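A short worksheet on the structure shown next.
Laboratory data are not the source of any read-out in this text; all were calculated from the coordinates shown. The model shown is predicted, which means the values in this text are computed figures rather than measured ones. Neighbour counts are summed over all protein chains in view; Cβ atoms, including those assigned to glycine, are modelled from backbone coordinates with ideal geometry.
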Amino acid sequence: MIRRKGPVFCLETPNTTLVIKADTAEYLYYGKKLVSGGGFEPFFGSPRKIFSQYGGDDYTEYSVLLENADGGMSTAFAFSKCKILTEKPEIAGLPSSYGTGKTLELKYVDLPTKAALYLYYTVFDDSDVIAVSSKLVNGSKKEMHVRRLASVQLDLMGDYSFVTFEGTWARERQKISREIGKGVFYNDSKKGGSSHDRNPFVIAEGEDGVYGFNLIYSGNHKELLEQTQSGRARIVCGINDFMFRWALAPGEEFASPEAVMCYAPSEDALSLAMHAFISEHIVRGKWKKRERPVLVNNWEGTYFDFNEEKILNIARAAKETGVELFVLDDGWFGNRCDDRRALGDWFDNEEKTGGGLKHLADKIREMGLDFGIWVEPEMINEDSELYRSHPNFAMKVPGREPTRMRNQLCLNLADEKVQNYVVRVISDVIARSGASYVKWDYNRMLTDPFGKNIPQGEYFHRYMLGYYRIVSRITKKFPSVLFEGCSGGGGRFDLGNFCYFQQYWTSDDTDARERLKIQAGSSYGYPQTVMGAHVSACPNHQTGDSNPLETRFNIACGGLLGYELDMSKLTEDEMKTVAAQIAFYKENRKLLQFGDHYRLGDAFGGNMAGFMTVSKDKNTAIAVVSASEYIICGPVPSISFKGLNPSAVYEVTTREQVNYKNVLSFTAGGDLLMNAKLPLHDLYSDTQSWENSRRLYTRMFIFKKVKS
Ligand code: DGJ
C-alpha cells in the first residue's frame with residue numbers, strides 16, 4: 001500500500017513503513033510500521049537522502065555518477081514528477097521480482113544536460129521486503145557515460161555493524177559482523193560472478209533493528225556502508241562500478257539491477273521475511289511450490305570415471321532406497337575423461353553412456369527413476385571440437401595468454417552469436433535426453449573480459465545480459481524441467497539466479513560439520529527451498545573428516561535432500577538406514593522444504609547450533625540440534641527452540657537413529673521449549689571411534705501439537 005500526503009509518500013508493508021519526501025529526495029523514516037498516520041512536517045529537512053550525486057556538498061559515497069559529454073561529472077538532479085504505478089515495470093534484459101503490489105516512480109532531472117534519473121520503490125501486499133531500482137535516461141543530444149548507478153541508497157543515522165556473508169570455494173557464506181566505526185567498508189565482487197567470496201546479501205544492524213539488502217543480479221556487485229562524523233550511515237548497493245563505464249547515446253537509458261531491502265526487529269525476523277519474499281516473489285514456474293525430488297548425483301561417487309554399468313548400478317541401488325531422481329554429472333559428453341578437455345562438445349560420449357544419452361536416460365527411467373543431466377554451458381576447453389572450429393567463441397584478450405582456471409576458458413556470452421549457439425546446443429541436450437532436471441554449472445569466474453567492439457567498461461554487464469538472455473530462453477522453453485544452478489558449489493548463489501533456477505547447489509563441501517555453517521550462513525538471506533544438500537561418503541572428500549551416516553542425513557535435512565556417493569557400494573545395513581531416512585524425509589518433506597526455517601544456537605560461535613522448520617499453522621515442527629565438540633567434563637549440551645506457538649503444548653520425540661536408539665519422548669509447552677534450555681544428557685552417547693575425525697553430535701526432534 002502506498003499513501004500520499006502532498007510530497008510525502010508512505011510505503012506500507014504488513015509490518016514496516018518507509019516514508020519518502022519526494023520533492024527533496026529525503027527519507028523521513030524507515031522501520032516498524034507507523035499506525036498514527038501523520039505529523040511528518042517537523043521531520044522535514046532530513047539529511048537522509050534517497051540518492052546522492054557528485055557536485056553538491058554531499059561528500060559521502062555516491063549512488064549516481066554520470067560523466068557528461070564535456071567530461072565533467074557534476075550533476076544536479078532535481079525533482080521533476082512522481083507517479084504511483086499499479087503494474088510493476090519490467091527491467092529490460094534483467095531478472096526482477098514479481099507479484100501484486102504498487103510501485104512509486106520518482107523522476108529527477110539534471111537541467112543542464114536533460115538527463116533524467118528515475119527511482120522505483122515497489123511494495124507487495126504480502127511482504128515486508130521492498131524492491132528498489134533506478135534508471136538513467138539521456139535526454140540530451142550528446143553521448144554521456146554512466147559511471148555508477150546504484151540500485152538503492154538508504155541513509156540511516158547512528159552507528160551500525162555491517163554483517164556480510166563471505167568465504168571461499170567450499171566455505172561459502174560464513175557470517176562476519178564488523179563494527180565499522182567512522183569510515184567506509186565495501187563488500188563486493190569483481191569476479192564477473194556474484195562469487196563464493198562475498199555474497200551480495202548484507203545486513204546493517206543497529207539499536208533500532210536490522211536492515212537487510214540484496215541484489216537481483218549474478219555479476220559484479222558492491223554494497224557499502226559509510227559512517228560519517230556527522231552521524232550519517234549510508235548504505236549503497238548495486239552493480240559494481242569497478243571497470244564500469246556505460247555509453248548512453250541520446251535517448252538511450254540504462255537500468256540498474258533491482259535491489260531488495262527489508263527492515264526487521266531481529267535477524268530471525270529478517271530471515272523469515274527474506275525467505276517468504278524469495279519463495280513468493282523471486283522463485284517461479286511449475287516447481288515454485290512443488291516438493292522437490294530426493295536425488296542421487298554420481299559426481300562424488302565416480303567423478304569422471306564411469307561407464308553404463310557403473311551408472312546403472314548406482315541408479316539401481318538408489319531406486320531401492322527410495323531415491324526419485326538420478327542426476328548424471330560431468331563427464332558424459334565428447335571425450336571428457338578429465339577436466340582438461342571437451343567442455344563445449346555437447347554431443348554424447350557413446351562409450352561412457354553405453355550408447356548415448358537417451359539410451360542411458362531411458363534405462364534409468366525404466367527403473368522408475370527420473371533422469372537429470374549436468375551441463376556447463378558458459379565454458380570451453382581449448383582441447384575441444386568447439387574450440388577447434390570456433391576459437392573466437394572464447395573470451396580472451398587478443399595477444400595475451402588467457403588465465404586458465406580449472407583448465408578452461410569462458411565463452412564470450414556478450415556476443416549474440418555465442419548466445420544463440422548455447423541456447424541451441426543446450427536445448428538439444430535437454431530435449432534429446434528427456435531430462436526432467438538440469439544442473440547448470442559454472443566452474444570458474446571471469447578473468448579476461450573482452451569482446452570485439454565491446455567497450456571494456458561495458459563488458460561485465462554485457463556478459464550478464466547475454467547470460468540472462470540464455471537462461472531465460474532455455475528455462476522458458478522447458479517449463480516443466482526443474483533447474484538447479486551451481487557454480488563450483490555456491491559461487492553464484494544469488495537472487496538473479498533464483499529467478500531462473502528453483503534451487504542451487506549450496507557448496508561443493510558436503511562435510512556435515514562444514515555444511516552446518518554454510519547452510520546457517522546461507523539461511524540468513526535465503527530459504528531452505530533453494531539449498532541443495534547431499535549426504536556423501538566418508539571420509540569426506542573435501543575435509544577428510546568422518547561423521548556417522550545419520551549425522552550426514554540430519555544436516556542434509558536443512559536443505560533439499562540428495563545423496564552423492566556410489567550407492568552400489570553401501571552395505572546392507574547402510575542401505576536399510578538410507579531407506580529409512582528417505583522414507584522419513586518423504587513423510588515430512590513438505591514441512592522440511594516449505595516450513596518456516598529458523599537457525600538454532602550459533603553455528604559461528606559456541607558449541608551448539610542447528611536449525612528448525614515449523615509448519616505455517618505451528619502444529620508440527622522438526623529441529624536438528626548439533627554439538628560441534630565433545631567437551632570432557634564440560635557443560636551438559638543444551639538448546640532452546642524457536643517458532644512454536646507459545647501457548648500450545650507439544651509432544652516432542654527424537655528420531656530413532658541407528659547410532660541412537662534411546663528415543664526421547666515428552667510433552668512440554670511451546671513457551672518453555674522456546675525460553676528454557678533443554679539439556680541433552682545423552683547427546684554424546686553415540687561416541688564410536690571415528691578415525692581422523694572432527695565430528696558433530698546430532699539429534700533430530702519432532703514436535704506435534706497436542707493441545708492449543
Ligand atoms: C562443480 C560442482 O559443484 C560439482 O558438484 C560437480 O558438478 C563438478 N563441478 C563437475 O565438474
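Rounded to the nearest 20 debye, the dipole size of the chain about its Cα centre is 1520 debye, using +1 on the Cβ of Lys and Arg and -1 on the Cβ of Asp and Glu. Each part gets one Cα centre, and for segment 1-52 versus segment 388-462 those centres are 45 Å apart.
Suppose R0 equals 22 Å; then what is the FRET efficiency for Lys358 and Glu320 from their Cβ-Cβ distance, rounded to the nearest 0.05? So the FRET efficiency works out to roughly 0.35. When the pairs Lys5/Lys222; Lys135/Lys191; Lys289/Lys616 are compared against a 26 Å limit on Cα-Cα distance, Lys5/Lys222 fall above it. Remark: C-alpha extents of the chain on the principal axes read 78, 68, 42 Å, sorted largest to smallest. Scaled to the globular estimate 2.2 N^0.38 Å, the Cα spread of segment 287-375, given as radius of gyration, is 1.07. Taking the helices alone, the chain has a mean residue ellipticity at 222 nm of -6000 deg cm²/dmol, built from -39,500 (n - 2.57) per DSSP H run of at least 4 residues and averaged over all its residues. Between the residues Thr447, Val429, Gly491, the greatest Cα displacement towards the positive end of the dipole of segment 396-493, with unit charges on the Cβ of Lys, Arg, Asp and Glu, is found for Val429. Placing one equal scatterer on every Cα of segment 405-550 and applying the Debye formula, the log10 ratio I(q)/I(0) at q = 0.09, 0.10, 0.18, 0.21 Å⁻¹ is -0.34, -0.42, -1.14, -1.32. For the charge dipole of segment 490-602, defined by +1 on Lys and Arg C-beta atoms and -1 on Asp and Glu C-beta atoms about the Cα centroid, which residue among Gly525, Thr571, Ala556 has the Cα displaced farthest towards the positive pole? After comparing all options, I get Gly525. Any idea what % of Cα-Cα pairs in segment 379-476 are farther than 16 Å? Value for segment 379-476 (Cα pairs over 16 Å): 58 percent.
A simple charge model with +1 on the Cβ of Lys and Arg, -1 on the Cβ of Asp and Glu and nothing else charged puts the dipole of segment 615-661 at about 120 debye relative to its Cα centre.
Remark: Thr543, Thr529 ranked as Thr543, Thr529, counting other beta-carbon atoms within 10 Å and listing the fewest first. Convex hull volume of the Cα atoms of segment 551-708, normalised per residue: 124 Å³. Simple point charges give the picture: +1 on the Cβ of Lys and Arg, -1 on the Cβ of Asp and Glu, and for segment 264-315 a dipole about the Cα centre of about 420 debye. The fewest-to-most ranking of Arg513, Arg3, Arg173 by surrounding Cβ atoms within 10 Å reads Arg3, Arg513, Arg173.
For the residue pairs Lys49/Lys107; Lys358/Lys586; Lys590/Lys661; Lys661/Lys704, the alpha carbons lie more than 23 Å apart in Lys358/Lys586; Lys590/Lys661. Each peptide in 341-348, 366-373 was scored by the mean count of other Cβ atoms within 10 Å over its residues; highest first, the order is 341-348, 366-373.
Ordered by the number of other Cβ atoms lying within 10 Å of each residue's own Cβ, fewest first, Trp505, Trp287 fall into the sequence Trp287, Trp505.
Projecting the Cα atoms of Ala204, Val163, Tyr217 onto the charge dipole of segment 145-235 (Cβ charges, centred on the Cα centre) puts Tyr217 farthest toward the positive pole.
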